[in-house]
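Notes follow the structure.
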Amino acid sequence: MSTPIRTRFAPSPTGFLHLGGARTALFAWAYARRFQGTFVLRIEDTDRERSTQAATQAILDSMAWLGLSYDEGPFYQMQRMARYREVIDDMLARGLAYRCYMPTEALDALREAQMARGEKPRYDGRWRPENAAGKTPPAGVAPVIRFRNPDDGAVAWDDRVKGRIEFANTELDDLVIARPDGTPTYNFCVVVDDIDMQITHVIRGDDHVNNTPRQINIFRALGFEPPVFAHVPTVLGEDGQKLSKRHGAVSVTEYDAAGYLPEAMINFLARLGWAHGNDEVFSPQAFCDWFDLDAISPAPSRFNTDKLRWLNQEHMKRLSPEELGRRLLPFLEKEGLDVAAGPAPGAVAELFRERVATLVEMAQAVRFFYADVTPDAALLAEQIQPANHAALAELFTAFETLPWDRESLNAALKDAAKRHGLKPPQIMMPVRALVAGTLSTPAIDAVLVLLGREKTLERVRRQGSEVRD
């Protein structure tokens with residue numbers, strides 16, 4: 001029987017969850033779901049100066065919005081200090097680690113001298129037990145704990161994204177695994193966590209490639225084979241540079257606030273460096289059913305705002321009117337609109353879903369259904385002219401009694417134009433301006449049905465009378 005798949009997402013709570021991190025979480029989550037495995041959330045909060053509770057909450061909120069549910073966790077590294085100390089003590093006792101009393105200033109000077117000679121900067125092993133025999137630790141220097149890296153040979157792995165990667169052990173110095181105050185370091189904690197949590201597949205950004213050989217050596221020193229590694233390429237901005245704040249909204253929560261659907265964001269993130277044939281629009285469930293590490297491209301992918309907007313609109317089209325209206329409701333409320341004063345959000349969402357790309361844009365576009373409008377005087381003067389005054393007056397009189405449905409309204413609009421020798425837009429555009437304050441709306445008969453007879457008459461009388469008189 002094969003070993004059950006266990007993946008993890010292990011962010012540091014030093015800032016918001018950006019899109020690159022969200023994609024890493026997505027891939028780890030989807031891989032676990034594809035193979036009926038376990039997805040673990042671990043918060044790597046050992047950087048006590050930069051880690052914040054607000055950042056932790058932002059990570060949890062972002063994952064909840066995306067629907068990336070975890071099976072175990074969240075585990076916090078700061079709550080596992082006793083376990084790390086236990087492992088370090090064992091490593092010291094077994095000769096896998098040692099205390100190093102080299103002052104920071106001396107280490108800096110050593111590295112500067114090495115670089116001046118064109119050498120790779122690395123610790124020289126002076127406090128290894130065989131080199132420190134007979135030395136007296138300097139007074140007042142709290143030691144770091146270093147892992148004793150193998151002296152020769154190579155460390156290699158078959159990366160599921162990048163292929164075979166190999167490092168000579170001579171390129172790796174003895175890694176610090178505990179600071180002078182006893183706090184364990186990132187590369188050490190990660191290994192202990194992955195062992196204890198029985199992680200089988202580590203899917204993470206390729207900025208961790210240089211950490212991997214050090215971690216593999218620690219795994220093996222502790223008597224464990226390392227997990228499978230898959231290092232995912234960087235997400236670049238549209239200008240080809242590393243994605244950063246200058247590219248706009250890069251926090252997952254900002255996209256939530258901007259009116260994007262979580263399923264659209266999952267679709268978008270999945271397509272950043274992964275593909276399934278020619279499929280462009282798919283659900284989170286379909287992604288999980290299809291996802292495999294072998295389909296991840298080793299090349300960096302570029303963020304594309306137009307593609308995200310297109311996908312979001314496609315996913316809005318896939319929702320039922322009722323569900324889309326439910327999603328729209330909080331955005332209407334954020335606009336300060338009285339939803340009870342207008343049509344059901346699902347009805348207006350169905351009418352506008354082909355015209356906008358986000359829920360924020362939809363909420364702004366439909367506000368005339370829920371709040372009074374004051375059309376621009378120049379717009380009204382342009383649309384309501386002597387040539388169509390009489391036709392509009394007849395139309396507004398007809399509005400008082402005709403059946404209030406699309407067929408009757410459409411016929412009335414066209415008949416008013418025909419009787420006065422006008423083209424339909426010469427009637428429809430003025431009505432749009434009067435009731436919506438804009439010329440850009442869906443079919444005006446559909447708009448009038450949702451607006452209702454009472455509001456329509458109130459607006460055409462109030463706004464239209466001043467221009468005609």
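So here's what we get for this one:
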| quantity | calculated |
| --- | --- |
| Residues located in region 117-128, provided they are open to solvent by 40 Å² or more (accessible area, probe 1.4 Å), closer than 20 Å to R214 by Cα and either modelled with pLDDT of 90 or more or among the aromatic types (F, W, Y) (or both) | D124, R126 |
| Filter pass, D415 being under 30 Å from L261 (Cβ atoms) and either of a type in the set (V, I, T) or surrounded by 14 or more Cβ atoms within 10 Å (Cβ to Cβ) (or both) | no |
| Qualifying residue in region 349-366 (condition: in a helix (DSSP H, G or I), over 30 Å from V232 (Cβ atoms), among the hydrophobic types (A, V, I, L, M, F, W, C) and open to solvent by 60 Å² or more (accessible area, probe 1.4 Å)) | no |
| Residues being among the polar types (S, T, N, Q) and free of Cβ contacts under 8 Å to residues at least 40 places away in the same chain - total across region 208-245 | 5 |
| Selection within region 424-457 - of a type in the set (A, V, I, L, M, F, W, C), without any contact (Cβ under 8 Å) to a residue 60 or more places away in the chain and in a helix (DSSP H, G or I) | I427, M428, M429, V431, A433, L434, I444, L448, V449 |
| Verdict on D196 being open to solvent by 40 Å² or more (accessible area, probe 1.4 Å) and either farther than 18 Å from A25 by Cβ or among the aliphatic types (A, V, I, L, M) (or both) | yes |
| Test result for R160, under 17 Å from V232 (Cα atoms) and open to solvent by 40 Å² or more (accessible area, probe 1.4 Å) | yes |
| Count of residues meeting criterion [surrounded by fewer than 17 Cβ atoms within 10 Å (Cβ to Cβ) and not in a loop (DSSP other than H, G, I, E, B)] in region 368-388 | 6 |
| Residues satisfying the stated conditions in region 407-444, i.e. of a type in the set (V, I, T) and under 19 Å from A378 (Cβ atoms) | V431, V435, T438, T441 |
| Region 179-215, residues that are of a type in the set (A, V, I, L, M, F, W, C) and within 30 Å of P103 (Cβ to Cβ) | F188, C189, V190, V191, V192 |
| Residue that is nearest to S297 (Cα to Cα) [pool: residues in region 205-227 that are open to solvent by 10 Å² or more (accessible area, probe 1.4 Å) and part of a helix (DSSP H, G or I)] | D206 |
| Contacts under 7 angstrom Cβ, first residue in region 345-369 being on the phi > 0 side of the Ramachandran plot, partner open to solvent by less than 10 Å² (accessible area, probe 1.4 Å), 6 or more apart | none |
| Pick from region 293-311, criterion in a helix (DSSP H, G or I) and under 27 Å from F35 (Cβ atoms), ranking: nearest to the chain's Cα centre (by Cα) | L311 |
| Top-ranked residue in region 252-285 [being of a type in the set (S, T, N, Q) and farther than 30 Å from E335 by Cβ; ranked as nearest to the chain's Cα centre (by Cα)] | Q285 |
| Count of residues meeting criterion [in contact (Cβ under 8 Å) with a residue 60 or more places away in the chain, of a type in the set (G, A, S) and not in a helix (DSSP H, G or I)] in region 46-72 | 1 |
| Exclusive hit being open to solvent by 20 Å² or more (accessible area, probe 1.4 Å), over 20 Å from R148 (Cα atoms) and in contact with a Lys or Arg (Cβ under 9 Å, 6 or more places away or on another chain), set V232, V202, V281, V176 | V281 |
| Test: G346 is more than 21 Å from P425 (Cα to Cα), outside any helix (DSSP H, G or I) and open to solvent by less than 80 Å² (accessible area, probe 1.4 Å) | no |
| Failed condition for L448, given (1) open to solvent by 30 Å² or more (accessible area, probe 1.4 Å); (2) at pLDDT 95 or above; (3) touching a Leu at 6+ places or on another chain (Cβ under 6 Å) | (1) |
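Results for (1) modelled with pLDDT of 95 or more; (2) more than 40 Å from the chain's Cα centre (by Cα); (3) among the polar types (S, T, N, Q), shown as yes or no for each residue.
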position	(1), (2), (3)
R48	no, no, no
A64	yes, no, no
E86	yes, no, no
Y98	yes, yes, no
P103	no, yes, no
A133	no, yes, no
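Residue-wise test of (1) of a type in the set (S, T, Y); (2) open to solvent by 30 Å² or more (accessible area, probe 1.4 Å); (3) over 18 Å from Q215 (Cβ atoms).
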position: R94; (1), (2), (3): no, yes, yes
position: Y101; (1), (2), (3): yes, yes, yes
position: E112; (1), (2), (3): no, yes, yes
position: M115; (1), (2), (3): no, yes, yes
position: A132; (1), (2), (3): no, no, yes
position: A142; (1), (2), (3): no, yes, yes
position: R146; (1), (2), (3): no, no, no
position: N149; (1), (2), (3): no, no, no
position: I165; (1), (2), (3): no, no, no
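The values are calculated or read from the model by the stated rules, or taken from the named source; none is laboratory data. Just so it is clear, the model here is predicted, and its values are computed rather than measured. We place every Cβ from the backbone using ideal geometry, glycine too, and count neighbours over all the protein chains shown. In case anyone asks, the SASA skips ligands and DNA or RNA and just uses the protein heavy atoms, side chains included. Shrake-Rupley method; radii C 1.70, N 1.55, O 1.52, S 1.80 Å.
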